[in-house]
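What follows is calculated from the coordinates using simple rules that are stated; it is not laboratory data. Quick caveat: nothing in here was measured; it's all calculated off a predicted structure. Positions of Cβ are backbone-derived with ideal geometry, glycine not excepted, and every protein chain shown enters the neighbour counts.
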Amino acid sequence: MNLPWRFAPLLGERVTLDLLRADDLDALSTIQGDASIVRYMMYEARSREQVADAIARDGARDSLEKAGDYVQPAIRDADGRLVGTLYFRLASTDDRTAEIGWLLSASERGKGYATEAAAMFLRLAFDDLGMHRVTAELDPRNDASAAVCQRLGMRQEAHLRENLWLKGEWVDTAIFAILEQDYRRARA
């Protein structure tokens, strides 16, 4: 693996990934403060103060070195507006595995931003970091995120029934994954 790794902005065709910053507070509060948007996330809708704390914490995370390290860059559209966030965490350096996820503003869903941003990070994961496997764990009721996984070439490997007590109910978890060899085969 090529660690330690320091984050630098990633430029795509329509999106840019860069670190969260203080002036993202309004846009991110709109996203993370909306219960319908964070319905499938591990946290409840956040207050403006909680979002400010998250920006301070996550905006400072700019490197990957050991298991558990993560980055959570902003997903910005062509005009530089924050439209969501991407999450990338090293699960194991020994096994060269990582986890990826995303969260988008309701008004920006369906435009391909999550797919483009995640594809940019998968390219980085396999080409630069030397990952063997990248997973995404999600609530299987989240059809939009499952569709992103499929567009990325990820396969659903598991469906865990009622494995989490979350937000007052038992929920399932779907696990999608892509291996380096499958990623390379799809790109060839």
* Gaussian network model of the chain, Cα within-10 Å springs - most flexible of LEU129, LEU164, LEU64 -> LEU164
* Asked: How much length is gained on full extension from ASP79 to LEU166, taking 0.36 nm per residue of separation minus their Cα-Cα distance?
  -> 27.7 nm
* Structure fact -> Taking 0.36 nm per residue of separation between GLN150 and ASP23 and subtracting their Cα-Cα distance, the length gained on full extension comes to 42.4 nm
* Okay, which of the stretch 164-181 sit inside 16 Å, backbone N to the point 7 Å along the Cα-Cβ direction of ARG141? -> 164-174
* Structure fact -> Listed residues TYR43, TYR87, TYR70; largest mean-square fluctuation, Gaussian network over the chain with Cα springs below 10 Å, found at TYR43
* Among the GluC sites (Glu not before Pro) within the stretch 1-71, which fall in a DSSP loop and have no more than 16 other Cβ atoms within 10 Å of their own Cβ? -> GLU13, GLU44, GLU65
* **Loop-located chymotrypsin sites (Phe, Trp or Tyr not before Pro) in the stretch 88-188, at most 16 other Cβ atoms within 10 Å (DSSP)** => none
* What distance in nm separates the simple spin-label points at ALA67 and ALA188, each placed 7 Å from Cα in the Cβ direction? -> 3.1
* Structure fact -> Classified through the alpha carbon gyration tensor (a ≥ b ≥ c as square roots of its eigenvalues; rounded if a/c is under 1.5, else prolate when a/b is larger than b/c, else oblate), the chain comes out rounded
* Which of LEU20, LEU124, LEU28 moves the most in a Gaussian network model of the chain with Cα springs under 10 Å? -> LEU124
* Label the stretch 89-143 by shape, choosing from rounded, prolate and oblate, from the square roots a ≥ b ≥ c of the eigenvalues of the Cα gyration tensor; if a/c is under 1.5 it is rounded, and otherwise prolate applies when a/b is larger than b/c, oblate when it is not. => oblate
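Quick one: work out the % antiparallel among DSSP beta bridges in the stretch 87-165, nearest 5.
In the stretch 87-165, DSSP labels about 60 percent of beta bridges as antiparallel.
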* To the nearest 500 deg cm²/dmol, what mean residue ellipticity at 222 nm is calculated for the chain from DSSP H runs of n ≥ 4 alone, each contributing -39,500 (n - 2.57), summed and divided by the residues? -> -7500 deg cm²/dmol
